[in-house]
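Just so it is clear, none of the values below were taken in a lab; they were calculated from the coordinates. This structure is a prediction, so every number in the text was calculated from the model and none was measured. As a convention, Cβ positions derive from the backbone with ideal geometry for all residues, glycine included, and neighbour counts pool all protein chains shown.
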Amino acid sequence: MTTTETYGVDPTPSPLALLLLGREADPNSERGVECPGDLPAASDPDLVARARAAKEKLGDRVFVLGHHYQRDEVIEFADVTGDSFKLARDAAARPEAEFIVFCGVHFMAESADILTSERQRVVLPDLAAGCSMADMATAEQVAECWEVLAEAGIADVTVPVSYMNSSADIKAFTGKHGGTICTSSNAKRALEWAFEQGEKVLFLPDQHLGRNTAVLEMGISLDECVLYNPHKPNGGLTAEQLRDAKMILWRGHCSVHGRFSLDSVNEVRERVPGVTVLVHPECKHEVVTAADLVGSTEYIIKALDAAEPGSKWAIGTELNLVRRLAKAHPDKEVVFLDRTVCFCSTMNRIDLPHLVWALESLVEGRVPNVITVDAETEKYAKAALDRMLALP
C-alpha cells in the first residue's frame, strides 16, 4: 500500500498545504519570527550536519525536547520525546542544562519555564508555533465568564479544571480560583478531585476532552453539560441553565482532532475490514463513542507497541505521529483515520531550519526567542500544576 493510499496525502502540496506545514506565511493571520540568513532546505544534508555540529558544541548546556507531533527531521535531534507535560517535567529534571530548546508550541514552552529553575532559559525556535486551542480562551474572556457564574450565584461552588493545552494565564486563573490542571491521561482523576471540592466544574479550554471524560468515564449525562461560548452574551446560556449544569464546558477544541467525523470512522471500517479504531479524547463525542479505543498520545503509542502482529489500526490523531507509528510497526497495518491531511499547522512550524538557527545562535552567545512567564502568573499557574501533581 502506498503512502498516498494509506494517509490520503497529496504528494504535490498545494499552497494551502504548504501553509499548514509552516513553509509559507499568511501575513493576515500569523505572527512570528523568521530565520535570518539564507538557510538551505530541510532535506539538505548540510543542514543536518550543522544541527549536529551545533548540538555537539553546546554539549550538556542544551537539552532539546521534541513533542510527539513534531516532524521526523526535528525529532532526530531531540534528547527526549513525549507529550507536553512529560517534556516539561523532563526539562525540570535536567537542572544542569542552561538552555531548554522546546520543539513544540508556545504553551508547552511556558509550562517548561514555570517548572524549571530561574537560571535555565527556555527557547522556542519559532514564536509563530502557537496552539489554536489554547488561543480559544483568553484571560479576559475567562474573567468575564467567572463574573457570569458569580451573577448566577454559582461561582463559589464551581471549581475550574484546565487542560494542560492552555496558556500560562489560564493556568494562573485556575490556580488562583482553587482549581487544578489535567492532562488527557488524568482528566478523570482531576474531575473526581474537583467534584470533591465543589458542585460544578468549569472545564477549559477543550470542550471535547471535558465532555468525553464526564459522560463516558464518570456517568454524567449530556444534559448536565452546557457549552459556554465566550463570543455570546453570558456565554449564550441562561442563569437557570448554568445552575442546572454540572459541567460548564468552554467552547474550545483542537483544530486537528476536531476534523475527524463519524463518517471518518464508518469509512475506514469499510475500507479496512477488521480494523481497530483508536482515537484521542480531544475528538468529538460521536467519534469517541464510535471508536473501539480512546486514549492519550502516550496511550496510543503503548497500544501499538503491545498490539499483535498482523493487527489493523486506524489512528485518530496528528499525522506525523501516525506516520511514525506505521514506520515503527511494519508488522501491523497502521492507517490514518481520515483520508484528508491532518497535520498540526503550528506544531509543524518548528522545522529543521528554525532548529538550526536556534542552536547556532546559542553557540554564538545569543539566546533567541526566550519564553518567560512573569512571577505572579508563574506563582498561581504553578499552584494549579502542583495540585495536579498531588493527585493520587
To the nearest 0.05, what FRET efficiency results for residue 372 and residue 293 with a Förster distance of 45 Å applied to their C-beta separation?
0.70
Between region 216-239 and region 64-81, how many Å separate their Cα centres?
37 Å
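For region 220-307, what mean projected area does the convex hull of the alpha carbons give, in nm²? Spell out each step's value before the answer.
Values: hull surface 29.2 nm².
Computing the convex hull of the Cα atoms and averaging its projections yields 7.3 nm².
If Lys and Arg each add +1 and Asp and Glu each add -1, what is the summed charge of the other residues whose beta carbon sits under 15 Å from the beta carbon of residue 246? Let's see the in-between values first.
Working: positive: 188, 200, 211, 243; negative: 192, 196, 199, 217, 223, 224, 240, 244.
Residues near residue 246 contribute -4 overall.
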Compute the semi-axes of the equivalent ellipsoid of region 57-109, taking the square root of 5 times each eigenvalue of the Cα gyration tensor, and list them largest first in whole Å.
17, 13, 8
As an exercise, use a Förster radius of 25 Å and the Cβ-Cβ distance of residue 151 and residue 386 to find the FRET efficiency, rounded to the nearest 0.05.
0.25
Distance from the Cα centre of region 366-389 to that of region 132-150, in angstrom?
19 Å
Hey, what D do you get for the chain in µm²/s if you plug the Kirkwood alpha-carbon radius into Stokes-Einstein at 4 °C and 1.567 mPa s?
59 µm²/s
Give the Rg/Rh ratio for region 324-387, taking Rg as the radius of gyration of the Cα atoms and Rh as the Kirkwood radius, to two decimals.
1.17
Which entries in the list 57/382; 55/327; 55/284; 57/176; 171/232; 55/312 go over 31 Å, if you measure between the two C-alpha atoms of each?
57/382; 55/284; 57/176; 55/312
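Rounded to the nearest 0.05, what FRET efficiency is calculated for residue 199 and residue 363 with R0 set to 41 Å and r the Cβ-Cβ distance? All intermediate terms of the calculation are to be shown ahead of the outcome.
Numbers: r = 55 Å, r/R0 = 1.34.
Once rounded, the FRET efficiency stands at 0.15.
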Would you calculate the convex hull of the Cα atoms in region 103-179 and tell me its volume per residue in Å³?
92 Å³
